[in-house]
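This is the structure I want to talk about, given as structure tokens.
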Amino acid sequence: MSAKSQNTDNAVSVRNVYKNYGDVQALHDLSLDFPRGQLTSLLGPSGCGKTTLLKIIAGLLPASSGEILVNGQPVSGPGPDRAFVFQDFALLPWATVLRNVAFGLELRGVVKSEREAIAEKYIADVGLKGFEHSYPHELSGGMRQRVGLARALSVDAQVLLMDEPFSAVDEQTRRKFQEDLLGLVKNENKTFLFVTHSIEEAVYVSDQIAILLPRPSRVSEIIRPSGFRHKDTDSIRRDSEYLDIVDKIWSSLRTYVE
Amino acid sequence: MKLFGYELPGMSSLILWGLLWELVGHLELTFFLPPLSAIFQTLMEIGTTKVFIKALSDTGYAFIVGTVSAIVIGIPVGILMGKNRFIDELLLPWVNMFLSAPLTALVPVLMVLFGFGLKAIIITTALFAIWIIVLNARAGVLQINRSLVEMAHSFGASPKDAFFKIYFWAALPEILGGVRIGFIRAVKGVIIGQLLISIVGFGALFELYSANFLMKHFWAVLLVLFALAFLIAEFLAYLERRVAYYAARRSV
């Protein structure tokens, strides 16, 4: 496997990562590759350590042992090559949409006029034009997550880490987000790491699905849907391969659901 | 407040109590309570005298220097306590102790340490105000949404950026609440300081008027003090309301 992974172009590689919380083993000898320019989902029942893994890759949590490689270089903390999209949006409630989107650039010391120009472009890209001077509490949940997404896009990191980004928005918004995400993966030429607990969502948006099983967490299976990725967004959900994969994942996960 | 179905403007009850005071004053039940109108008349008379202006500026100076130092020291200390477990465990017992301690009993010690002058009064004022400011800033930081901290960290915030761009603003509603209560306590502190340490400012006027049974003068100074404390507290409450909208929604 290691010989193969060196040949293919991986934006992020996880090498033999362990994470312990006291006596509790959250991650056990976990290795996983994330191909460049693709979307990889981390899917699994709750408590399988998928968010823990994502935060270790982000540099927000230290691994107990093992290595994270981003573009072949080991990393130990957050860096400009990765941007994080939070489950609960993590917006500054006291700042406008414009400042929130520009906040990543603000922290990196980009001058005001420049960072606001960049932020305005991404605000328009995520469909929030006209809301630049609104405050987060004036927006719906879906719009707030668009702000979070625009903030992550505006720092132009090659790797986007998304921690259950659509779990706090309603079902219709969620479907729209999933469609938009497919467009984003196609057009942005970034690598997406996507944590979700929804099987349908994972199969719908992913180039590669890593199934994580708990106690202790390890990668049990990697699935690469191939047949429907080129289809348009409407017909994916009716595709037979899509349905088969959803069924297959459910049958392997159902024993872990109490 | 409503009366016969009419909504009365805010603080109308003060008018009612003022009228009652006026009435009781005119009954001449006790020398202790002159009519309110006579007190206001006295206030007009002494309000422009040099003695009064001097007392007002002395008290105001000690009050402002005392509270500003309490804020400048208290807020960062509180935020650091909320951020850092070690600092918190080191300081929290002291903060809690001083918050509930009868600080008046400490004033003689302050006199020994800092002399009988303005310095001791300012320190007394600051000591009355600072503990609640520290505790509130700490409480504000403790309830910060962890995601905000992680967000700042993930975008590479320096500790200084995190402090000024996240912690301070996220804790601001609680900080302002603490400053408001701190100011009210500081009014107490500055008067106690002026009564016990060196007889200057409003403290001296209280001493002078009550010792000579000049009740009209006494009440006039007291009313000015009440009014000032009330205005400051209301102004800070107004600032608090302006940021309250996000206090309840810090999870967004």
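Fewest Cβ neighbours within 10 Å first, please rank B:67, A:96, B:49, B:42 accordingly. Write down the numbers at each step before the final one.
On the way: B:67 27, A:96 17, B:49 10, B:42 21.
Listing B:67, A:96, B:49, B:42 from fewest to most nearby Cβ atoms yields B:49, A:96, B:42, B:67.
Relative contact order for the range A:154-216: what percent, with Cα pairs under 8 Å and sequence separation of 6 or more? Could you put the intermediate results ahead of the total?
Details: 42 pairs, mean separation 26.1, N = 63.
Once divided by the residue count of the range A:154-216, the mean separation gives 41 percent.
Where the centroid of each part is defined by its Cα atoms, how far is the range A:94-116 from the range B:79-158 in Å?
The range A:94-116 and the range B:79-158 have Cα centres spaced 32 Å from each other.
Hey, another quick one. Note the full-extension length gain between residue B:106 and residue B:22 as 0.36 nm times their separation in residues minus their Cα-Cα distance, in nm to one decimal.
Result: 26.3 nm gained on full extension.
Rounded, prolate or oblate: which fits the range B:124-235 when a ≥ b ≥ c are the square roots of the eigenvalues of the alpha-carbon gyration tensor, with rounded for a/c under 1.5 and prolate only if a/b beats b/c? All intermediate terms of the calculation are to be shown ahead of the outcome.
Details: a/c = 4.90, a/b = 3.34, b/c = 1.47.
Verdict is prolate for the range B:124-235.
How large, in Å, is the protein assembly as shown by the Kirkwood hydrodynamic radius built from its alpha-carbon pairs?
Details: mean 1/r = 0.0365 Å⁻¹.
Result for the protein assembly as shown stands at 27.4 Å.
A further question on this structure: How high is the FRET efficiency from residue B:68 to residue A:65, r the C-beta distance, R0 56 Å, rounded to 0.05?
My answer for the efficiency is 0.65.
Can you compute the helix-only [θ] at 222 nm over chain A? Use -39500 (n - 2.57) per DSSP H run of at least 4 residues, normalise by all residues, nearest 500 deg cm²/dmol. Intermediate results must be reported in sequence, preceding the final value.
On the way: 8 runs with 93 residues, N = 258.
Computed mean residue ellipticity for chain A: -11000 deg cm²/dmol.
At q = 0.12, 0.16 Å⁻¹, what log₁₀ I(q)/I(0) does a Debye calculation on the Cα points of chain A give, no solvent, two decimals?
Evaluating at q = 0.12, 0.16 Å⁻¹ gives log10 I(q)/I(0) of -0.72, -1.25.
Can you give me the angle between helix B:215-247 and the longest principal axis of chain B, using Cα atoms only, in degrees from 0 to 90, rounded to the nearest 10?
Long axis of B:215-247 versus the principal axis of chain B: about 20 degrees.
By DSSP, what percent of the beta bridges with both residues in the protein assembly as shown are antiparallel, rounded to the nearest 5?
Details: 22 of 41 bridges.
So the antiparallel bridges in the protein assembly as shown amount to around 55 percent.
When we measure straight from the Cα of residue B:83, which aspartates and glutamates land under 17 angstrom away, once same-chain ones fewer than 8 places off are left out?
B:150, B:161, B:174
Could you tell me which of rounded, prolate or oblate describes the range A:1-102, using a ≥ b ≥ c as the square roots of the eigenvalues of the alpha-carbon gyration tensor, with rounded for a/c under 1.5 and, failing that, prolate when a/b is larger than b/c and oblate otherwise? Don't skip to the end; give the middle numbers.
Working: a/c = 2.03, a/b = 1.37, b/c = 1.49.
It comes out oblate by the Cα gyration axes.
Can you pick out the pairs among A:129/A:190; A:129/A:248; A:19/A:129; B:165/B:188; A:176/B:160 whose Cα atoms lie more than 32 Å from each other?
Values: A:129/A:190 23 Å; A:129/A:248 41 Å; A:19/A:129 42 Å; B:165/B:188 34 Å; A:176/B:160 39 Å.
A:129/A:248; A:19/A:129; B:165/B:188; A:176/B:160, as the Cα separations exceed 32 Å there.
Next question, about the same structure. May I ask you to sort B:153, A:133 by Cβ crowding, counting other Cβ atoms within 10 Å and putting the fewest first? Please list the in-between numbers first.
Working: B:153 19, A:133 10.
Ranking B:153, A:133 by Cβ neighbours within 10 Å, fewest first, gives A:133, B:153.
With +1 assigned to the C-beta of every Lys and Arg and -1 to the C-beta of every Asp and Glu, and no other charges, what is the dipole magnitude of the range A:28-123 about the Cα centre in debye, to the nearest 20?
180 debye
How long is the gain from residue A:36 to residue A:180 if the chain were fully straight, where each residue apart is worth 0.36 nm and the alpha carbon distance is subtracted? Each step should come with its number before you reach the end.
On the way: separation 144, 0.36 × 144 = 51.84 nm, distance 1.92 nm.
Result for the pair: 49.9 nm of gain on full extension.
Please state the shape class of chain B: rounded when a/c is under 1.5, otherwise prolate if a/b exceeds b/c and oblate if not, all from the C-alpha gyration tensor.
Oblate shape, in that a/c is at least 1.5 and b/c is the bigger or equal ratio.
Same structure again: Springs between alpha-carbon atoms under 10 Å, Gaussian network over chain A: tell me which of A:30, A:92, A:182 tops the mean-square fluctuations.
With Cα springs under 10 Å in chain A, the top fluctuation among A:30, A:92, A:182 is at A:92.
Give me the distance in nm between label points sitting 7 Å out from Cα along the Cα-to-Cβ direction at residue B:230 and residue A:231, one decimal.
7.4 nm
5 Å is the cut-off here: which amide hydrogens, built 1.01 Å from N in the peptide plane, fall below it relative to residue A:162, excluding neighbours closer than 5 in sequence?
Under 5 Å from the amide H of residue A:162: A:85, A:193, A:194, A:195.
If you place +1 on the Cβ of every Lys and Arg and -1 on the Cβ of every Asp and Glu, how big does the dipole about the Cα centre of the range B:1-160 come out, in debye to the nearest 20?
Working: 9 positive and 8 negative charges, 121 e Å.
It works out to roughly 580 debye.
A follow-up question, please. With θ taken as phi - 60° and the coefficients 6.51, -1.76 and 1.60, list the Karplus ³J(HN,Hα) couplings across the range B:80-85 in order, rounded to whole Hz; mark glycine and proline as x.
Result, ordered by residue: 4, 4, x, 7, 10, 4 Hz.
With axes computed from alpha carbons, what is the tilt in degrees of helix B:201-211 against the longest principal axis of chain B, rounded to the nearest 10 within 0 to 90?
The angle comes out near 40 degrees.
Related question: Check cross-link reach from residue B:50 to the lysines: straight Cα distance under 19 Å, and skip same-chain residues fewer than eight apart.
B:216
Turning to a different aspect of this structure: Find how much the distance from residue B:33 to residue B:237 grows on full extension, using 0.36 nm per residue of separation minus their present alpha carbon separation; answer in nm with one decimal. Numbers along the way, then the final one.
On the way: separation 204, 0.36 × 204 = 73.44 nm, distance 3.15 nm.
Separation in residues times 0.36 nm, less the Cα-Cα distance, equals 70.3 nm.
Compute the long axis of helix A:171-188 from its Cα atoms, compare it with the longest principal axis of the Cα atoms of chain A, and write down the angle in degrees, 0 to 90, nearest 10.
Here the helix axis deviates by roughly 90 degrees.
Every read-out reported here was derived from the displayed coordinates using simple, explicitly stated rules and does not represent laboratory data. As the structure is a prediction and not an experimental result, all values here were calculated from the model. Cβ: placed from backbone, ideal geometry, glycine included. Neighbour counts: every protein chain shown.
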